[in-house]
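The values are calculated or read from the model by the stated rules, or taken from the named source; none is laboratory data. Note that the coordinates shown come from a computational prediction; the quantities given were computed from them, not determined experimentally. Methodologically, a virtual Cβ is constructed for each residue, glycine included, from the backbone with ideal geometry; neighbour enumeration extends over all protein chains shown.
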Amino acid sequence: MSTSIVNNGLTGLLAAQAGILTTSHNISNATTPGYNRQLIVQTTNQPMQTGSGFFGQGTNVANVQRVYSQYLAGAVMAAQTQVGEMDSYLAQVQQIDNMLADKTAGLSPALSDFFAGVQGVAANPSSVSARQSLLSSAQALTARFATLNQSLDEQRQGVNDQITSEVGVINSYASQIAQVNQQIIMANSGNSSQQPNDLLDQRDELLQKLNQEIRVTTAMQSDGTVSVFIGNGQPVVMNTTAYSLVAQPSKSDPQQTVVGVKAINGNIIELQQSMLTGGTLGGLVSFLNESLDPAQNELGRIAITLATQFNQQHAMGQDLNGNLGGDLFSFPTATSSGMAAYMNLYANKNNTGSGALTAQVVQSDYRVVYDGTNYSVYRLNDNGTLMPASAGLVTNTFAGGSINVDGVTITLPAAGLSAGDAFTIKPENPTATRVTADSTNSAAAAATAVTATQAGDGALAADDYRIDYTGTGPTGYMVTRLSDNTVLTPTVNNFPPNSITFEGVTVHFTGSPNVGDSFVLQPTRNAARDITVNISDTALIAAGDPFRTRVDTSNTGTGTIDAGSMTVLDPASIPLPGQVTLTYNSGANTWSVTGPAPWNGLTIPSANFTAGQQNVIDLKGIRFTLSGTPQNGDRVYLEPNTSGVSDNRNAQALGALQTSRLMEGNSATYQEAYAQIVSEVGNKTREVTVTGQAQQSLANQASDAVQQLSGVNLDEEAANLIRYQQAYQASAKMIDVGSKLFDTFLSAIG
Amino acid sequence: MRISTSMIYDTGLRSINDQTASMLHTQQQLSSGRRVVTPADDPVAAARALVVTEAQDINTQFGTNQSSAKEALSLEESQMSVLNDIITRVRELAVQGGDAALSQSDLRSISDELRSRFDELTGIANATDANGDYIFSGNMGGTKPFGANVDNLLAGGGDVTYSGDYGQRNLQVSPTRFIQTSDSGADIFTQVRNGNGSFVTDYNGNNTGSGVIDAGSVTNTATWNALADKNYSVNIWVDATGVAGTAGTTYYDIVDSTTGNSMLTGAAAANPPTTAAQFQSLRKYYDNQTIQLSRQTGDPGPAFDLGGNVTITGTPANGDQFTIAPSTTQSVFKTISNLIGALENKLANPTKSGSAALANEIAQTLTNLDQANDNVLRVRSGIGARLNELDSLSGVNQDLNLRYSETLSNLQDVDYAKSISNLMQSQTSLDAAQKSYLKVTQLGLFNYL
């Protein structure tokens, strides 16, 4: 009996020892990350059956258990991968957010200063200092574009580098998890009923860390290992094998670092961006796609639109030397491709065909002239180039039909026009003012007017595109807008041949591509980098208009002509080859136009002139107003603006660009377009901040819940320590009692 | 609820961090004076602020343009004011010069002063602004508008030519208003209608009588404008022998200079009339009686109407002629030089019937000076109206500026009372968090073991 008492005491002693051991393990790991407190599971031994019933045989420690909830751990992982994503996104987007709206470093003050410079020239057109100040503010503006773009580029480089190092971190965690899996298999091989608690803690901690870098899903295997996947099931760890990820420049866009996996054959398969979500890496990838690319594209778009529109207006003016204005802003051309250097057009490295694309942003006005049989279409920005007959443009077979030039669909009426009728097309204008009929057109021409339309609004967008060769459709090429994966319907041009136009960009194709070949086009990405000021001589600023108007001093009537303005520059008519005379014929109420060719022999019909009213007259790109009551034979003149150094008409037209809504389909000024980026980035930053805070508090709650269950409480452990110490003392006392009983028995028989 | 020891530390630290971050943000707002430190604080306000700032910049630019326009107009106005004085002085001198009692030396001094006024006028016409651009040359600011030289004009050269153009410089002074800041010199100096604006009267240089014709007046402009022929003459005939009545009676005829027909008879004018019938078909001349240029009762011929009348004063001699021609434009230079010419002519030929020539010339000059003066007043009133407009625009401009500043302030600026209160609140919370953290972390059963 006393042996049993000693035995029971011994089991209690051992159990108390195990308890103290576990408690001390808990105490020493109280601050170990990922540690879950452990408890001993104590059970009674198999009782001994006797005639008088079952006698307990003491205790034993069945198991050392970690206090762990799979559910709570999952909640922490889910919240923390979001926190990781939001944190890394926020860290990046905050930099742009601060930079773009800065009162001194943003684009806004430079834009305002530039237009103040233009207004300065308008106020003092002949002043060299005002002109110099315009050039300096233009240079400051282009420098500002470049600086902002440079910061964005540096950030892009930084993010790409960070993606590369993230991939390293992910690979390192993956291989550690694979190792721990291996250790767990080995630990389990001895006794599969016991859990290697500390190894499991270690693996859970590694999974949590990996999950903070990128969102993962896990699958427990029967051998105790865990398999880890990213995205839609791309394995990173399978049993004891880690699959390493690779970061490398994308095959479709070398500027972009993408993540790939090495296949068994050694090929690297690029992972879809959409697979990389959650965690730091997910945050970086979404920052690139959602904030950095749009901001840089938009900045480039403002640069291109500002430059082309300013140049277009500037070209209509006359400089101090009496010549037509040249380009104030310019973009360098890449010698290799002949395209503007800012235009990113990448052929996928996997392309197998010989198809090649070039792209350009075309902004031009057009003149359509009918000679009685044929239409001639001139592209005005190209020195008034006549679209060639071979392109099917100069023909009368377009009866009621239409032709596409640079994405502009020009519809030519089949009948009703007379020889000499002419039209001006400004595609950048809203539909209502896009086509202007010359005021010398025959009366019937007004009813059967030429029209011009564009797919969409034709305005340049701040988007990127993928162009795939599918071999089907009118050109075989399919254009997809990358921001929303929409397939576009480009306009197929008659001129230039083999080209399509979509969203303000014209793409020319040559060679023979194979189905599946693809290209990535980023039309505006680098424009802010490249914009430069082309003029350094103050005399070359075109502040005046290339013509002036005059009323003959011997007129007897009160007819007057206003100063007039340029609507388009038609190189065939401007500069004026000499004095053009408009003579009023009171009998027919017409004005006859005489002067050097091509100005000679035109007539403004009665329909376009009412004496005593303001009559707006459009003539070969010049617009002026005839008013008052002229007498028969009264004359007004259009003359070359010789020595017109104080003329500021064009400077004012240039200044008016500041408040004209010329962006986003005639809905926004430059400043408003820029404010939109600031607002978008600001909103994104705010969204990420708020979401990040919400996720952070979710993560805190989840980890608090885990801590409540699994965390070590030192007070509790102290209490356990005392408890096990007392149990130990009591068991020792039991052995002492057993031994004393035995001694009593021996002394009784001894 | 079970609490783990690390939770006590984590939670305490977390709330200290949160309070510090919120304090830092409030401090940033207070020190910068801006509620919107980065666009993320209020993206809508930030974007709106950019647009409003630009609108304010543009408004400021319009303010600057208004000042420039005001400067230019004030400069032009001061030149025009001098021009007005010159014309007034020349008018006085012309009236003085008409005084038959003047001595040769008086005439000489008048003509000398006129010459210096002419030079002064040239100076005004070729005035330059602060940039050295000519004010009155339209858009050809680098081109001297007038090369006026009194001796060239006297020598019979044509009228002064204007070398500028007809452009008007404009400045944008409000979103929709372009204000004219210059007037072309032609408009001010050379495009002056002579005569009464419709026709100009003149005397024939060979006249021997003392008849002086006035500028005449137009009673019906439309009638005058519609005439096919616009050149006429009033011919004076004296019935010296009394063929048609009292000897020495003076008659006049109105003759279409283009056809040579008498308007009174409708037939070829008798030149000179000799028979009684010829004299009787004419009208009798009375000193200072209005000569109606239309058919009157008693005229033998068909109806005619030139739409106006003239008046001849004095005693014209037989064969004297007064012409009526359509108005043209004549420069102020030419008007003054004509006067100088007449005065100097009188000086050179004191005995000739120069007094009638001078009187006619002075009458014409006065008419033309009045035309010039009207023209100057017209331009000046335009300048005055524009200066007035600029004054009111500048008021609007300042109002707008204030409004934009207010809007910007509402969008961006910090509410100090609110932010300071927030700061105090975070400070108190931080203090509490720190103190409680210290207290809680000091607890522990091990302290008692």
Next item on the list: Working only within the stretch B:179-212, note down all residues that are within 25 Å of A:THR556 (Cα to Cα) and among the hydrophobic types (A, V, I, L, M, F, W, C).
Entry: B:ALA186, B:ILE188, B:PHE189, B:VAL192, B:PHE199, B:VAL200
Note to self: Condition first: without any contact (Cβ under 8 Å) to a residue 12 or more places away in the chain, within 13 Å of chain B (Cβ to nearest Cβ) and not aromatic (Phe, Trp, Tyr). Can you find one or more residues in the stretch A:677-685 that meet it?
What the structure shows: yes
Checklist line | Sole residue being surrounded by fewer than 19 Cβ atoms within 10 Å (Cβ to Cβ) and among the aliphatic types (A, V, I, L, M), chosen from A:ALA588, A:ALA651, A:ALA673 | finding: A:ALA588
Checklist line | Output for the stretch A:650-667, where each listed residue is over 20 Å from A:SER108 (Cα atoms) and either within 25 Å of the chain's Cα centre (by Cα) or more than 13 Å from chain B (Cβ to nearest Cβ) (or both) | finding: A:GLY665
Notebook entry, point to check: Could you say which residue among B:ARG378, B:ARG386 is closer than 29 Å to B:THR176 by Cβ and either touching an Asp or Glu at 6+ places or on another chain (Cβ under 6 Å) or surrounded by fewer than 16 Cβ atoms within 10 Å (Cβ to Cβ) (or both)?
Noted result: B:ARG378
Check: Which condition breaks for A:ASN98 when tested against (1) modelled with pLDDT of 90 or more; (2) crowded, with 17+ Cβ neighbours inside 10 Å?
Finding: (1)
Item checked: Residue match in the stretch A:538-550 (condition: modelled with pLDDT under 90 and part of a loop (DSSP other than H, G, I, E, B)) -> no
Checklist line | Among (1) in contact with a Gly (Cβ under 6 Å, 6 or more places away or on another chain); (2) not in a loop (DSSP other than H, G, I, E, B), the one test that A:ARG529 misses | finding: (1)
Checklist line | A:ASN149 out of contact with any Gly (no Cβ under 7 Å at 6 or more places or on another chain), away from chain B (no Cβ under 14 Å), buried (at least 17 other Cβ atoms within 10 Å of the Cβ) and under 30 Å from A:MET238 (Cα atoms) | finding: no
Check: Here are some residues: A:ASP113, A:ASP87. Which one is surrounded by fewer than 20 Cβ atoms within 10 Å (Cβ to Cβ) and in contact with a Gly (Cβ under 8 Å, 6 or more places away or on another chain)?
Finding: A:ASP87
Check: Which is over 37 Å from the mean Cα position of the chain (by Cα), among the hydrophobic types (A, V, I, L, M, F, W, C) and either surrounded by 21 or more Cβ atoms within 10 Å (Cβ to Cβ) or within 14 Å of chain A (Cβ to nearest Cβ) (or both), of B:LEU282, B:LEU293, B:LEU306, B:LEU343?
Finding: B:LEU282
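Here's the yes/no breakdown for (1) among the polar types (S, T, N, Q); (2) at pLDDT below 90; (3) surrounded by 15 or more Cβ atoms within 10 Å (Cβ to Cβ):
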position	(1), (2), (3)
A:PRO496	no, yes, yes
A:THR501	yes, no, yes
A:VAL507	no, no, yes
A:THR510	yes, no, no
A:VAL520	no, no, yes
A:THR524	yes, no, yes
Checklist line | Test set (1) within 12 Å of chain A (Cβ to nearest Cβ); (2) in a loop (DSSP other than H, G, I, E, B); (3) touching a helix residue (DSSP H, G or I) at 6+ places or on another chain (Cβ under 8 Å) - B:THR176 fails condition number | finding: (3)
Next item on the list: Please state which one of A:ASN232, A:ASN171, A:ASN211 is among the polar types (S, T, N, Q) and not in a helix (DSSP H, G or I).
Entry: A:ASN232
Check: Regarding A:LEU284, is this residue buried (at least 16 other Cβ atoms within 10 Å of the Cβ), part of a loop (DSSP other than H, G, I, E, B) and touching a Ser or Thr at 6+ places or on another chain (Cβ under 8 Å)?
Finding: no
Check: Can you spot a residue in the stretch B:78-85 that is within 12 Å of chain A (Cβ to nearest Cβ) and not basic (Lys, Arg)?
Finding: no
Note to self: Looking at B:PRO316, B:PRO350 in this structure, which one is assigned to a loop (DSSP other than H, G, I, E, B) and over 21 Å from B:ALA269 (Cα atoms)?
What the structure shows: B:PRO350
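Residue by residue through the stretch A:116-127, note down the ones that are within 9 Å of chain B (Cβ to nearest Cβ) and either assigned to a helix (DSSP H, G or I) or surrounded by 24 or more Cβ atoms within 10 Å (Cβ to Cβ) (or both). Break it down stepwise before answering.
Let us first name the residues in the stretch A:116-127 that are within 9 Å of chain B (Cβ to nearest Cβ), namely A:116, A:119-120, A:122-127.
A:ALA116, A:GLN119, A:GLY120, A:ALA122, A:ALA123, A:ASN124, A:PRO125, listed by residue number.
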Next item on the list: At least 2 residues that are among the acidic types (Asp, Glu) and under 25 Å from A:LEU152 (Cα atoms) in each: list the strands (runs of 3 or more DSSP E) lying fully within the stretch A:293-396 that qualify.
Entry: none
